[in-house]
Amino acid sequence: MPTTRIWSSEIMNTPLPPGGTIGIIGGGQLGRMAALAAARLGYRVHVFTPEVDSPTEQVAATATIAGYDDMKALEAFARAVDVVTFEFENIPAASVRLLTSLVPVRPSWKVLEVAQDRISEKRFFNGIGIATAPWAEINSAADLKAGVERIGRPAVLKTTRLGYDGKGQVKITAKTDLDQAWASMDGATAVLEGFIDFAGEVSVIVARGLDGGCATFDPAWNVHTNHILDTTTIPAPISQPLAERAIQVALKAAEALDLVGLLAVEMFVTKAGDVLVNEMAPRPHNSGHWTMDACVTDQFEQFIRAVCGLPLGSPDRHSDAVMTNLIGSDVDKWLDFLKEPGAKLHLYGKAEARSGRKMGHVTRIRPRQG
Ligand code: AMP
């Protein structure tokens, strides 16, 4: 029978030595690549996920297969690990509260709570003086009509929770019937955003350690197709001052959240040459996969270092890179990628190449020029 652990602040602020066990909530490819980075540093990973044979379970030392609201399973998991982190942030508040009472949880509930909801995210950024697209909270068809009146068309209506890769989004064009658009939200609170006719999209990933030290990766230039990230290019074709500005936005957010872990901040680059925050994720991010092949320390190792209270590594970039996601049947060309000089193939161990599913990625690198 495991004994209850009491975490004094002294224990919590000490680096977790190699040999320790990191608990990861979520079993997807982000957890898989984080687990591989953890293993390189001598840690064991215990994954908690409802999915059987998940990408993370395949490379983890231990797995608990249970729902995110299974308190008994969560308690046993918390007692079996030294620290808990997330590759998937949409878990219930009560579950995080339970984990937090038993074991260090990094990042904290405060960070997850802000990131789980598009409206709290926008309030957070606006509250620290960082601009987003104009937005309005929508709880009814009348709210939507008033919102569209104020923000104008085109606009985008999004569910505030559990939306990703364009799921739960409707574009409001000149022709859109607003009653129908509201009906498609199924009664869930939504946010209406002005449609940004952007010059491009960038993201910055920042790591923040237990001691408050930060390290940022170079801004990445992201192209989405059908709302799903298609390619990430480094260096981003933006001016140095704009790159600096994007980095400052990410740093300011990490500080304000008192983050321990990793934060990805996605931004629109406006045609006027400024950045507007779209959203954030308090974990490794698809737009940071290029760091695995182009940086001294990649996002997954940096994540593990931050969560374990270790010193952060150098995020310096030694190569230029283009990362391409392999979605659905793109993965069938795996042998071609392996034959290609300068291409690095990463596959996630998913059995079924369903359409729209992220199966892997390929990063093409060349010596740094930019
Ligand atoms: P999201 O789920 O919010 O990350 O949206 C996915 C993608 O849809 C973004 O990366 C953009 O390419 C596009 N998008 C989302 N919101 C807007 C907006 N307000 N204006 C223009 N494009 C948007």
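The values are calculated or read from the model by the stated rules, or taken from the named source; none is laboratory data. As the structure is a computational prediction, the values presented were derived from the model and not from experiment. Cβ: placed from backbone, ideal geometry, glycine included. Neighbour counts: every protein chain shown.
Select from segment 166-222 the residues that are among the polar types (S, T, N, Q), within 16 Å of the ligand (Cβ to nearest atom) and more than 30 Å from Met292 (Cβ to Cβ) and list them in ascending order. Thr173, Thr176, Ser184, Thr189, listed by residue number. Restricting segment 261-308 to residues that are over 16 Å from the mean Cα position of the chain (by Cα) and assigned to a strand (DSSP E or B) leaves a set whose member that is nearest to Gly28 (Cα to Cα) is Cys295. Among the residues of segment 102-130, the ones that are away from the ligand (no atom under 15 Å from the Cβ), under 23 Å from Met71 (Cα atoms) and part of a loop (DSSP other than H, G, I, E, B) come to 5 in all. The test for being within 16 Å of the ligand (Cβ to nearest atom), assigned to a helix (DSSP H, G or I) and closer than 28 Å to Ala253 by Cβ does not hold for Val96.
Against the numbered list (1) assigned to a strand (DSSP E or B); (2) closer than 23 Å to Asn13 by Cβ, Glu255 comes up short only at (1). Restricting attention to segment 143-165, the residues that are away from the ligand (no atom under 13 Å from the Cβ) and modelled with pLDDT under 95 add up to 0. Taking first residues from segment 268-286 that are within 10 Å of the ligand (Cβ to nearest atom) and partners that are modelled with pLDDT under 95 and in a loop (DSSP other than H, G, I, E, B), the Cβ contacts under 8 Å between residues at least 6 apart in sequence or on separate chains come to Ala281/Glu89.
Does Thr232 fit the bill of being crowded, with 23+ Cβ neighbours inside 10 Å, of a type in the set (S, T, N, Q) and within 15 Å of the ligand (Cβ to nearest atom)? Against the criterion (crowded, with 23+ Cβ neighbours inside 10 Å, of a type in the set (S, T, N, Q) and within 15 Å of the ligand (Cβ to nearest atom)), Thr232 qualifies. The residue that is surrounded by the fewest Cβ atoms within 10 Å (Cβ to Cβ), counting only those in segment 52-74 that are within 18 Å of Gly20 (Cα to Cα) and of a type outside the set (S, T, N, Q), is Ala61. Of all residues in segment 28-43, exactly one satisfies the criterion of being buried (at least 18 other Cβ atoms within 10 Å of the Cβ) and of a type in the set (Lys, Arg), namely Arg32.
A single entry from Val307, Val331, Val322, Val296 fulfils the requirement of being β-branched (Val, Ile, Thr) and more than 23 Å from Ala35 (Cα to Cα): Val322.
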